Amino acid sequence: MTNAPMATKPQKRAELGDWIFTLALLGVMIAAYVMTFNWPASTAFFPELLSIAGILFLLMKLASLAWTTFGGRAALGGASASKAAHSNGEVALAAEGDEDQGNEDEFHKVFARADRRTWAEVMGWVVMFFGGMYLVGLLVILPVFIIAYLRVVAKAPWRVCIIYVIGTAGVMYAVFELFLHLPLPEGILFSGE
Amino acid sequence: MFDAAMTGLLDVLSPHSMGLMLIGILIGFVVGVLPGIGGPVAMALMLPFTFGMEPIHVFAFLLGMKVVTSTTGDITAVLFGIPGEATSAATVLDGHPMARKGQAGRALGAVLMSSLVGAIIGAVVLALSIPIIRPIVLAFGPPEFFMLTVVGLIFMASLSRGQMLKGMIMGCAGLLIALIGIDPQAGVPRYVFGQLELWEGLGLVPIVIGLFGGPEIVQLMLSKESIAGKAVSRNIDGVWQGMLDTFRHWKVVAWAGAIGSAIGVIPGVGGSVSQFIAYGQAKQMSKTPEEFGKGSIEGLLAAGGNNNAKDGGSLVPMIAIGLPGSVSTAILLNAFLISGLNPGPEMLTTHLDVTFSMVWIMIIANIIVVILALPLLKPLARLTFTEGPILVPFLLVLTVLGAYAENNSMFDVWVMLGAAAVGIVCLRFNWPRVPLLLGAVLGDLCERYLFLSTSLYGWSWIQRPLVILLGMIIVAILFKTVWDVRKSIRRSSEVRA
């Protein structure tokens, strides 16, 4: 019981995320439905069917979320909310799902625990790699990214970096360009367009 | 028939055939490990090299390559959570959690041996069903195909038993994703927002790689730990244990193989559905269903056993009536025609030895793969203990190549990134990814078969006997799932009380 207040913060954040994701999906489904208005009947039939089903399921989900957030908690208080949740199928299932995700739960924990700075760092590396690939192509950005990432994050010695570059960029060049004659992503700066 | 089987075996064992098969296996091994460049791409690239070859040599080369890519595609799925093809997605569900628990060796051993057993089941089904398959395949029309896709989706919903409503929502979202592009019936663009790249729809491979591989890489970047993390077990020697697990849980593998070969027979539905049906069936049968998704050996064996069995099944309609059920079989059909063979009755009479040679190739190629892969499994398993940051650049390259290589399109790389973002959000807020994927896989088929059913039969198709049977299966699955959920709620209420 003593750690109950600590547990409520991530729980609230998860609930908020659930609300946002559900509402975003509801928006997508409604938009998907509205867009069918201009299509011929045969083209619109299946998307209409799916979007209506999706909207109905999402409304059920919203009702379930509302019950957890306002109804169940208000009636019984935070600690016993999970018990109350058992009176509502999906709420109970969602609560069970949180504990019963196995491998996905490990991912969930890592994503939930990482602070904003760590997320920003990771996103920075991702942007560097994919942005660089878009601009200068895979074969150019790859050695740069490997050396930068291994030196800064993995603290790997130069020898490892060089072997790594040869083992990935070199092998890739040999397999794709020389053996299979398959193109690799070229950057807009070097593609001659 | 026995004579034809023996002639087929001797033809396959000839030095020329075996040499070509080995070359095909080696190419397939390398290509299969790289996500995205799956069996179909490799076969298409190698097809020109088969001009002028004898039919049996052609199949030794191409079919040997094909069956190997199915098996080795599972290796990246287990080790890094990056499935090589959409048909390896179910392998990720339990194979990768096992690797994260430090049991990569056992997982690889299990997936390899179950693939072999599955391939043998598929080959046996192929051999036995050849004389009787024509009426069975022809009994399936669009309504039955439509119902089969619905069975696959409902099975998926039953898998996300902990969060069925979320599963249904994600299934609908996946089906809508599949509708992006030109409507094949009327030629009207749907949900393309003026983007030309969207006219052909979103590629499945980038979606699969992004949904499963993207979160794995970001997780490694955030935690900076190895894939196996702080796993208690560091058992990379568990390869033999994994292989033995295949026989210990032989019923699971046999069922998965039977489901794979049976559904593989049905053109167009294919492995994407059968893997999840086999997985769901194994979960329903299991005494420990709660372990599924956490690294259940039964779940992995079901996915592995199903994977190669479906290949045997998919050859049946191609041989019997010239109806290819997948891209790979369509390329094989090309090889048939190039080498002067006509699918149909003559494959069951004058060319019966060629048909049997295909059965033998499937078995022998898979045995060779197991022998070739065994010494590689330990070093591969060791990769899961490598520091996360060391693996990150390599995994990024794998995902980019996987997404890009299918169409040589940068757009697919952005699709993969978008799918990765969706995968991360799903994991962060506990939304299931698999129904989304299966919806994306099945949407196109589902709509096409529904359209054909209503065009051909109006709504009277729902009265067809096989449709009613499949409908009853759907109701039974839903009923059992709801029943199990109620039981588990009651049990946990009692525990909390």
Among B:Lys294, B:Lys166, B:Lys224, rank each residue by its count of other Cβ atoms within 10 Å, from fewest to most, as a rough exposure measure. B:Lys224, B:Lys294, B:Lys166
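If each residue's Cβ is checked for other Cβ atoms within 10 Å, how do B:Thr91, B:Thr454, B:Thr399, B:Thr350 rank with the fewest at the top? All intermediate terms of the calculation are to be shown ahead of the outcome.
Working: B:Thr91 31, B:Thr454 17, B:Thr399 25, B:Thr350 11.
Least to most surrounded, the residues fall as B:Thr350, B:Thr454, B:Thr399, B:Thr91.
Mind checking the dipole of the stretch B:2-496: about its Cα centre, +1 per Lys or Arg Cβ, -1 per Asp or Glu Cβ, Debye to the nearest 20?
Values: 29 positive and 27 negative charges, 389 e Å.
So the magnitude is around 1860 debye.
Add -39500 (n - 2.57) for each DSSP H run of 4 or more in chain B, then divide by its residues: what number comes out at 222 nm, to the nearest 500 deg cm²/dmol?
Working: 22 runs with 364 residues, N = 497.
Using -39500 (n - 2.57) per qualifying helix, the result is -24500 deg cm²/dmol.
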Under 19 Å from the 7 Å Cα→Cβ point of B:Glu225, by amide nitrogen: which residues of the stretch B:272-302? B:293-296
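Sort B:Ile361, B:Ile209, B:Ile27, A:Ile52 so the one with the fewest other Cβ atoms within 10 Å of its own Cβ comes first.
Working: B:Ile361 26, B:Ile209 34, B:Ile27 21, A:Ile52 15.
The most exposed by this proxy come first: A:Ile52, B:Ile27, B:Ile361, B:Ile209.
Under 15 Å from the Cβ of B:Thr7, count the other residues' Cβ atoms, weight Lys and Arg +1, Asp and Glu -1, and hand me the total.
Working: positive: none; negative: B:Asp3, B:Asp11, B:Glu54, B:Asp353.
Combined, the nearby Lys, Arg, Asp and Glu give -4.
Under a Cβ-Cβ cut-off of 13 Å, what is the net charge of the residues other than B:Asp353 that fall near it, where Lys and Arg count +1 and Asp and Glu count -1?
Values: positive: none; negative: B:Asp3, B:Asp11, B:Glu54, B:Glu346.
Computed value for this residue: -4.
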Once you average over the residues of B:190-196, how many Cβ atoms of partner chains fall within 10 Å of each Cβ? 2
Work out the mean other chain Cβ neighbour count within 10 Å for the residues of B:395-401 and drop it here as an integer. 5
Please name which of B:Leu20, B:Val150, B:Ser296 has its Cα lying farthest along the dipole of chain B towards the positive end, using unit charges on Cβ (Lys, Arg +1; Asp, Glu -1) and the Cα centre as origin. B:Ser296
Between the stretch A:114-130 and the stretch B:416-463, what is the separation of their alpha carbon centroids in Å? 32 Å
Within-15-Å neighbourhood charge of B:Pro55 [Cβ basis; K, R +1; D, E -1]: -4
How big is the C-alpha Rg of the stretch B:328-371 next to the rule-of-thumb value 2.2 N^0.38 Å, as a ratio? 1.31
Using θ = phi - 60° and the Karplus form 6.51 cos²θ - 1.76 cosθ + 1.60, what ³J(HN,Hα) does each residue of the stretch B:355-362 get, whole Hz, x for Gly and Pro? 4, 5, 4, 5, 4, 5, 4, 4
The answer for the longest stretch of chain B without any exposed chymotrypsin sites (Phe, Trp or Tyr not before Pro) (DSSP loop, at most 11 further Cβ atoms within 10 Å) is B:194-458
The long-range amide H neighbours of B:Arg190, using H built 1.01 Å from N in the peptide plane and a cut-off of under 5 Å, are B:Gly181, B:Ile182, B:Asp183
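A short reminder: the numbers here are calculations on the coordinates, not readings from a lab. Note that this is a predicted model, so its numbers are computed, not measured. Neighbour counts run over all protein chains shown; Cβ positions are idealised from the backbone, glycine included.
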